[in-house]
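All of the numbers you see were taken from the coordinates with simple rules; none came from a lab. All values reported here derive from a predicted model rather than from experimental measurement.
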Amino acid sequence: MEDIRIEYTRVYLYIIIFNTVLGVLFGLFPLLVGFRLNNRKYAFYGFALSILAGALTGVLLAFPIALLFVWLIVRTPQTESVPAVESSPAPSTPSVDI
């Protein structure tokens, strides 16, 4: 039976790939919540930072960053659409009171 041998560079690569996948999975939470609550800025920041933190440190930072951005998204008030102001058409001749 032959022993399995693997170099350290491959081990590091596999760990980084696995941690990046974890970062993507954790980053989906703020992304989905942000799109649902119309707060896309924090959604994209949370997604990107979770991926980056996942690639660098794994679960140690990816999960807390995802939770932080979900909390920020839920905490910030939703922007309500402002109703359009109906204006009457402008008069064809300006009137001046003297």
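In whole Hz, with x marking every Gly and Pro, tabulate ³J(HN,Hα) for the stretch 37-44 from phi via Karplus 6.51 cos²θ - 1.76 cosθ + 1.60, θ = phi - 60°.
9, 6, 10, 6, 4, 5, 5, 5
For the stretch 13-26, just list the computed ³J(HN,Hα) in residue order, Karplus coefficients 6.51, -1.76 and 1.60, θ = phi - 60°, integers in Hz, with x standing in for Gly and Pro.
4, 5, 5, 5, 5, 4, 5, 5, 4, 4, x, 5, 5, 5
Report, to one decimal in Å, the Kirkwood hydrodynamic radius for the stretch 23-75 based on all distinct Cα pairs.
10.0 Å
GLU2 to ILE16: extension gain in nm, 0.36 nm per residue of separation minus the Cα-Cα distance?
2.3 nm
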